[in-house]
Amino acid sequence: MCFYMQMKDPKPKVEARFQAKAAPETLWPQSEYFNGFSFPKIALITDAAPDQLQTNFSWGLLPSWAKDIEFRKNTLNARLETLTEKPSFKDILHQRCLIPANAYFDWQWLDPQGKAKQRYRIHATEDLFAFAGLYNCWQHPETGETLNTFTLLTTEANATMAFIHSTKKRMPVIVHREDEQRWLQHAIEPKALAFPYDVPLLAFPD
């Protein structure tokens with residue numbers, strides 16, 4: 001699972017890394033600790049505009065049929081194995097995005113009763129990487145307001161994450177650098193990103 005992430009780098013560094021530009025007037029979303037359950041706006045790159053860093057997408061996907069905004073608490077993540085079955089995702093598999101990040105956070109339970117836990121900061125060997133995601137532009141059925149939203153894909157945990165995320169054994173899908181544009185260009189099927197597709201991870205108690 002992935003509900004907390006970090007994007008602390010300034011806009012020029014992220015633009016250079018992903019060869020994509022953010023609008024000059026854009027307020028750049030930067031934080032040591034983004035909490036998905038606050039549904040923050042986070043910079044991402046869509047397949048429709050692969051040369052742009054867009055900052056008007058909120059974490060927590062709203063499918064077109066969602067009746068109200070509260071639904072997004074259910075869709076911070078999307079299980080890769082069931083994308084084609086879930087009504088929230090099966091109709092938007094062609095709407096792909098990359099979510100740049102410096103790290104994400106998860107907890108290891110230290111006792112069987114679940115009363116003690118240790119937070120870990122987890123990142124790839126590169127200081128900037130990208131999660132695979134899906135996005136949608138949702139229109140409020142009553143007000144007509146449009147809200148741009150996204151979800152992070154998750155897969156089976158690798159050895160590092162199975163040790164940390166020892167209950168559900170899940171992890172977000174991090175795309176190999178050489179596959180980032182291929183993901184946006186639909187040259188990779190979602191199932192191809194399932195474990196054992198993997199990016200080496202470093203994890204530190206935080």
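The values are calculated or read from the model by the stated rules, or taken from the named source; none is laboratory data. Keep in mind it's a predicted model, so treat the numbers as computed, not measured. Every residue, glycine among them, receives a Cβ derived from its backbone with ideal geometry; neighbour counts consider all protein chains shown. Remember, those area values only see protein heavy atoms, side chains included, never the ligands or the DNA or RNA. Shrake-Rupley method; radii C 1.70, N 1.55, O 1.52, S 1.80 Å.
Things to note:
- Which of 107, 33, 60, positive extreme of dipole for the chain (C-beta unit charges): 107
- Among the listed pairs 21/117; 41/169; 67/117, a Cα-Cα separation exceeding 31 Å is found for 21/117; 67/117.
- Across the accessible surface of region 86-160, with the other protein chains kept in place and a 1.4 Å probe, carbon and sulfur atoms take up 47 percent.
- Cα gyration tensor category, rounded, prolate or oblate, for region 55-104 with a/c compared to 1.5: oblate
- Gyration tensor (alpha-carbon) shape descriptor, region 1-155, a/c threshold 1.5: oblate
- Subtracting the Cα-Cα distance of residue 191 and residue 178 from 0.36 nm times their residue separation leaves 3.0 nm of extension gain.
- Probe 1.4 Å, accessible area per residue of region 57-206, Å²: 48
- Sites residue 33 and residue 127, calculated FRET efficiency, Cβ-Cβ separation with R0 25 Å, nearest 0.05: 0.90
- For residue 31, distant residues with modelled amide H under 5 Å away: 7, 8
- Relative contact order (percent, whole number), region 78-148, Cα cutoff 8 Å, 6+ residue spacing: 29
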